[in-house]
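Colleague: To start, I am sharing the structure in question, which I have written as structure tokens.
A short reminder: the numbers here are calculations on the coordinates, not readings from a lab. Predicted model only: the values in this text are computed from it and were never measured. Cβ atoms come from the backbone with ideal geometry, glycine included; neighbour counts cover every protein chain shown.
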Amino acid sequence: MIWSRETEDALHRWLAPSTSYKRHPIDDARYFLFIGHVWRDCHSLWDEGVARDRIKHKAKELHPEWDVDLIEKFAEERRSKGTEILDFLCALKDEGKLNELISV
């Protein structure tokens, strides 16, 4: 699973704030933008294990003070939500309805 520089940058922007593990509209917006970049790169579901590991690695890199359990739980929750969003986009694409929401 290859992510573009823009997707890696979006991952960094999402995880850089110390609040990124919390459910807040500002942090969620950065997360959704990251998922949008993943979609633009792949146009499919992501490899869930790789995605979770990349999220964990970047979170540990940016926030070494975070508890390991927090990172594990956070990465798994966001991996799961990302899979749900990407699955939704795949379903729209398969039905030929993706262009009704966004241009590709």
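Colleague: Evaluate the relative contact order of the chain (contact order divided by residue number), counting alpha-carbon pairs under 8 angstrom at least 6 apart; express in whole percent.
Modeller: 28
Colleague: Only helices at least 27 Å long along their own axis, judged from Cα atoms, and with Kyte-Doolittle mean hydropathy of -0.5 or greater: name those in the chain from DSSP H.
Modeller: Span-like helices, by this rule, are 68-94.
Colleague: Using a 10 Å cut-off around each Cβ, can you sort ILE55, ILE71 from fewest to most neighbouring Cβ atoms?
Modeller: Least crowded to most crowded, the residues run ILE71, ILE55.
Colleague: Give the longest segment of the chain that steers clear of GluC sites (Glu not before Pro) in DSSP loops with at most 12 neighbouring Cβ atoms within 10 Å, not counting the sites themselves.
Modeller: 1-64
Colleague: Scale the Cα Rg of the chain by the rule-of-thumb value 2.2 N^0.38 Å and send over the ratio, two decimals.
Modeller: 1.07
Colleague: What value, in deg cm²/dmol to 500, does the helix sum -39500 (n - 2.57) over DSSP H runs of n ≥ 4 give at 222 nm once divided by the residues of the chain?
Modeller: -23000 deg cm²/dmol
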